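J.: Structure incoming, see below.
The values are calculated or read from the model by the stated rules, or taken from the named source; none is laboratory data. As the structure is a prediction and not an experimental result, all values here were calculated from the model. Glycine gets a Cβ as well: all are built from the backbone with ideal geometry, and neighbour counts include every protein chain shown.
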C-alpha cells in the first residue's frame, strides 16, 4: 500500500513539473503547428543525441530510422535544422572518440539509412548538421592504430608522439603546443591496448593487496553470473558493460569470457557506482598487465588496466588517454598536413551525400593557445576547404558552428574563422535574470556581445541556447520551476541570434552533469515519446533517472496538456517562424524600459527590427509580481504571442508574474 501511495504522489509531482493540470478538458481544440515550404524562417535548430532520441528496431539504442520517424514532430516544433551527435563508429557511447570518420556507427544503421534520413529531412525543409571532432580522435581510431606502430607509417606524424615530449616541445617540434603539461601525455602501448580472444579473469580480494590475474584459456566461455548477491564485476570498456563474476572462494571471483575490446578493463564492486572504493584499476604507468602475472589493484589511482607491452613513447591527449590529439603542425601549413587532408576527405564524403553543415567540437583546444590567433586561422582553413566542396553543388555557403566554451569577449575572435559560434554567455546571463528576477540589463548585455562579434565579422551568427549535452540541465538550475522554464523558452525565441533547442529541453528534462556532482548520462536522457518502455536507454549503461523516464511526462502527454512546457515551445517557435522581425531581426533597446530604468527592474524589453524595416516589441516580466507599463509610444493592437497574464488598457500593458508578450509594430 505504501508503495502504491508513493507512486501516485510521484506521478502527481511529475504532472506538476511538466505543467499538467487537472483542468485540461476535451474542449481544448489546439492543433499541433504545421508549416508549408519556406515558412520556417526562424533558423531554429535542434540538438539531437542519435543514441537516445528514438529507437526504431527495439534494441534500446536510438538510430537513423528512429530520427526519420520523428521528423513530423521536429517539423511541428518549427525546426529548420538538426545537429546530430557524432554519427561515426566510436570507442564510447557518446561518439566523441571517433574510430573512423569515413563510416557511420553500425549501431545507428547503415549508410543507406543515413542517406534516407537526409532525404526525408530535406523534404521537410530540415537541414542536417554533423558533429565533427577536429581536436582529437578515439584511442581505437584506425589512424592511431597505425601511428602506434611507429614512424614507418605516415599516420605517426598525425599525432603528437614522442619519447621526450618536453624536449621536443621546447625545440619547436610540435608547434601546436605552447608548453609541456605532463598530465596530457600518456604511454603508447605497442599494438592494441585491448585484446580479442578467450581469457580467464581471477580477482583476489583475500589479502591486503587486491590483484587481478588474466590468462589465455581454452575452457568454455561463461555467460555473466545472474546471482545478484555477488557484487564483483569486470567493466569492459567497449562495448561498455559490467560483467558479473562468479564467486569461487572467500573473496575470490572468476570468469572465462570471449573477450573483444579495443579497451582494457576495470574491476568494480558495484555496477552502478564509480566512486573510489567501488572502482579498482592500476596506477598510471603500471597498468599494463602480463598474462599469468597478478596485477596489483588500486582504488585511489584506478587507471584502465591495459593489455600489451609498454613502450618508450608517449602521446599527447588533452582530454585523457582515451582521446589522442591530432597534429596539424604549424597553422601556416596546416591545410597541407596529412591529418588535415585525411579528415577533410571524410568531410567531403558526407557533404557529397547531402549533409548541410557541421558543428565543430572543442575548437578552442585544437591549438593549445586558446586565446591566440592560431585556432581562428585554422578554422578558416577548415571552413574554406569544406565550403569549396559544398559550393560545387550548392549556390549558398556551407553552415558551420563552433563550440567555443568561453565568454563573449574570448569568443569574438573565433568569428575570423567561422560564421557562427555558440554563445554560452546567453545562458549565463539568462539564468541569472530568471533566478534573480532582474531583467532590465539583459538586452544591453546581449547587444554588447553582438557589438564585439560585429567588430570581427559583420554577418556574425550568435548561436543562442540554454544548455547542451555537457551542462547541468536548465530545469535543474531553475529549480524545476515551470513558469521560469516557459519564460526561458520565450527569451530564447525572441532574442537576436539563431537558437538551438537541446533534446528534452522542450519537455522540462532535468539532471546534473558529471562536473556538477551528477553523471553526464543524466543530462542525455532519452526522449519518452509515449511509453517509457520504448525509450532508447540501451547505450546509457543504466545511468538513467527513472523518475524522469516516465509515461507521465512523455511527448504525447505534454501534447495533450494545454499548460505543458512543450505547448509553450510549439507556440513560441511558431511565433518566431511567422514574424520576420523575430526570425532574423536586430535587437535595440526600448526607449523607456531599459538598463537605466531600474525602478521596473524585473522587465526585459527590446525591439527586434528586420532588414525590411518590420519591427516587433518584446516584453518579459521576470518578477514575482504584476507590473504596469506605460507604452504610449508603442503599438499594442497586434499581439503576436503571449505567456502568462497579459492585459491592455489603452497605452498601458499589465504583465503578470513570469509573463511575456510580443507586439508587432
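J.: Can you name every residue in region 410-430 that is assigned to a helix (DSSP H, G or I) and within 26 Å of residue 603 (Cα to Cα)?
T.: Filtering region 410-430 for residues assigned to a helix (DSSP H, G or I) gives 410-416, 424-430.
Residues satisfying the conditions are 424, 425, 426, 427, 428, 429, 430.
J.: Can I ask one more? Has region 604-620 got at least one residue that is closer than 29 Å to residue 432 by Cβ and without any contact (Cβ under 8 Å) to a residue 12 or more places away in the chain?
T.: no
J.: Is region 241-261 home to any residue that is at pLDDT below 95, under 30 Å from residue 188 (Cβ atoms) and in a loop (DSSP other than H, G, I, E, B)?
T.: no
J.: Taking region 640-658 as the region of interest, how many residues are without any contact (Cβ under 8 Å) to a residue 40 or more places away in the chain and surrounded by 14 or more Cβ atoms within 10 Å (Cβ to Cβ)? Steps first, please.
T.: As a first pass, look at region 640-658 and keep what is without any contact (Cβ under 8 Å) to a residue 40 or more places away in the chain: 642, 645-654, 656.
So of that shortlist, the ones also surrounded by 14 or more Cβ atoms within 10 Å (Cβ to Cβ) come out as 642, 645-648, 653-654, 656.
The qualifying residues number 8.
J.: Against the conditions (1) crowded, with 18+ Cβ neighbours inside 10 Å; (2) more than 29 Å from the chain's Cα centre (by Cα); (3) without any contact (Cβ under 8 Å) to a residue 60 or more places away in the chain, where does residue 314 fall short? Just the number, please.
T.: All conditions pass for residue 314, except number (3).
J.: Could you list, in sequence order, the residues of region 283-296 that are free of Cβ contacts under 8 Å to residues at least 40 places away in the same chain and either within 19 Å of residue 201 (Cβ to Cβ) or not assigned by TED's automatic domain parsing to the domain that holds residue 211 (or both)?
T.: Those that are free of Cβ contacts under 8 Å to residues at least 40 places away in the same chain and either within 19 Å of residue 201 (Cβ to Cβ) or not assigned by TED's automatic domain parsing to the domain that holds residue 211 (or both): 286, 287, 290.
J.: Would you confirm whether any residue within region 318-325 is in contact with a helix residue (DSSP H, G or I) (Cβ under 6 Å, 6 or more places away or on another chain) and in a loop (DSSP other than H, G, I, E, B)?
T.: Taking region 318-325 first, the residues in contact with a helix residue (DSSP H, G or I) (Cβ under 6 Å, 6 or more places away or on another chain) are 318, 324.
Okay, now just the ones that are also in a loop (DSSP other than H, G, I, E, B), so 318, 324.
Yes, because at least one residue in region 318-325 is in contact with a helix residue (DSSP H, G or I) (Cβ under 6 Å, 6 or more places away or on another chain) and in a loop (DSSP other than H, G, I, E, B).
J.: Also, I was wondering about something else. Considering only residues that are free of Cβ contacts under 8 Å to residues at least 24 places away in the same chain and assigned to a loop (DSSP other than H, G, I, E, B), look in region 505-539 and name the one that is surrounded by the fewest Cβ atoms within 10 Å (Cβ to Cβ).
T.: Result: 517.
J.: Further, regarding this structure: Name the residues in region 462-494 that are part of a loop (DSSP other than H, G, I, E, B) and crowded, with 23+ Cβ neighbours inside 10 Å, would you? Reasoning before the result, please.
T.: Of the residues in region 462-494, the ones part of a loop (DSSP other than H, G, I, E, B) are 466-473, 478-481.
Result: 466, 467, 473.
J.: Considering only region 589-638, how many residues are surrounded by 15 or more Cβ atoms within 10 Å (Cβ to Cβ) and in a strand (DSSP E or B)?
T.: Selection size over region 589-638: 17.
J.: Next up: Does region 43-57 hold any residues that are assigned to a loop (DSSP other than H, G, I, E, B) and free of Cβ contacts under 8 Å to residues at least 60 places away in the same chain, and which are they?
T.: First, pick out the residues of region 43-57 that are assigned to a loop (DSSP other than H, G, I, E, B): 43-44, 49, 54-57.
Hits for region 43-57 are 56, 57.
J.: Next question, about the same structure. For region 198-220, enumerate the residues that are more than 13 Å from residue 298 (Cα to Cα) and part of a strand (DSSP E or B).
T.: 198, 199, 200, 201, 202, 213, 214, 215, 216
J.: I've got another one for you. Just the residues that are part of a loop (DSSP other than H, G, I, E, B), surrounded by 16 or more Cβ atoms within 10 Å (Cβ to Cβ) and modelled with pLDDT under 90, please, taken from region 294-311.
T.: Correct list: 302, 304, 308.
J.: Restricting to region 431-454, give me the number of residues that are touching a helix residue (DSSP H, G or I) at 6+ places or on another chain (Cβ under 7 Å) and not in a helix (DSSP H, G or I).
T.: Qualifying residue count, region 431-454: 2.
J.: Ok, one more. Among the residues of region 127-151 satisfying the criterion of being over 17 Å from residue 99 (Cβ atoms) and in contact with a helix residue (DSSP H, G or I) (Cβ under 9 Å, 6 or more places away or on another chain), which is surrounded by the most Cβ atoms within 10 Å (Cβ to Cβ)? Quick ask: steps written out before the conclusion?
T.: So in region 127-151, the residues over 17 Å from residue 99 (Cβ atoms) come out as 127-129, 150-151.
Going one step further and asking which of them are in contact with a helix residue (DSSP H, G or I) (Cβ under 9 Å, 6 or more places away or on another chain), we end up with 127-128, 150-151.
Numbers: 127: 18, 128: 23, 150: 13, 151: 10.
Ranking the candidates gives 128 first.
J.: When you go through 442, 424 one by one, which is the residue that is farther than 22 Å from residue 553 by Cβ and either assigned by TED's automatic domain parsing to the domain that holds residue 53 or under 22 Å from the mean Cα position of the chain (by Cα) (or both)? Spell out how you get there, then give the answer.
T.: Values: 442 fails: either assigned by TED's automatic domain parsing to the domain that holds residue 53 or under 22 Å from the mean Cα position of the chain (by Cα) (or both).
Among 442, 424, only 424 is farther than 22 Å from residue 553 by Cβ and either assigned by TED's automatic domain parsing to the domain that holds residue 53 or under 22 Å from the mean Cα position of the chain (by Cα) (or both).
J.: Taking the stated definitions as given, is residue 533 in contact with a strand residue (DSSP E or B) (Cβ under 8 Å, 6 or more places away or on another chain) and farther than 19 Å from residue 82 by Cα? Before you say what the answer is, go through the steps one by one.
T.: Numbers: in contact with a strand residue (DSSP E or B) (Cβ under 8 Å, 6 or more places away or on another chain): no; farther than 19 Å from residue 82 by Cα: yes.
No; evaluated as a whole, the condition is false for this residue.
J.: Being in contact with a strand residue (DSSP E or B) (Cβ under 8 Å, 6 or more places away or on another chain) and either closer than 20 Å to residue 399 by Cβ or loosely packed, with under 12 Cβ neighbours inside 10 Å (or both) is the filter here; which residues of region 445-461 pass it? Reasoning before the result, please.
T.: At the first step, the residues of region 445-461 found to be in contact with a strand residue (DSSP E or B) (Cβ under 8 Å, 6 or more places away or on another chain) are 446-447, 449-450, 453, 460-461.
Of everything in region 445-461, those that are in contact with a strand residue (DSSP E or B) (Cβ under 8 Å, 6 or more places away or on another chain) and either closer than 20 Å to residue 399 by Cβ or loosely packed, with under 12 Cβ neighbours inside 10 Å (or both) turn out to be 450, 453, 460, 461.
J.: Considering (1) buried (at least 22 other Cβ atoms within 10 Å of the Cβ); (2) part of a loop (DSSP other than H, G, I, E, B); (3) in contact with a helix residue (DSSP H, G or I) (Cβ under 8 Å, 6 or more places away or on another chain), say which one residue 548 fails and leave the rest.
T.: Tallying (1) buried (at least 22 other Cβ atoms within 10 Å of the Cβ); (2) part of a loop (DSSP other than H, G, I, E, B); (3) in contact with a helix residue (DSSP H, G or I) (Cβ under 8 Å, 6 or more places away or on another chain), residue 548 fails exactly one: (3).
J.: Let me ask something else. Check whether at least one residue in region 65-78 is at pLDDT below 95 and in contact with a helix residue (DSSP H, G or I) (Cβ under 7 Å, 6 or more places away or on another chain), and report yes or no. First the steps, then the outcome.
T.: Filtering region 65-78 down to residues at pLDDT below 95 leaves none.
Within region 65-78, none of the residues are at pLDDT below 95 and in contact with a helix residue (DSSP H, G or I) (Cβ under 7 Å, 6 or more places away or on another chain).
J.: Hey, residue 274 hits all of (1) in a loop (DSSP other than H, G, I, E, B); (2) at pLDDT 90 or above; (3) closer than 21 Å to residue 298 by Cα but one; which does it fall short on?
T.: Every condition holds for residue 274 apart from (2).
J.: What's the total number of residues in region 273-290 that are over 13 Å from residue 304 (Cα atoms) and surrounded by fewer than 12 Cβ atoms within 10 Å (Cβ to Cβ)?
T.: Within region 273-290, residues that are over 13 Å from residue 304 (Cα atoms) and surrounded by fewer than 12 Cβ atoms within 10 Å (Cβ to Cβ) number 3.
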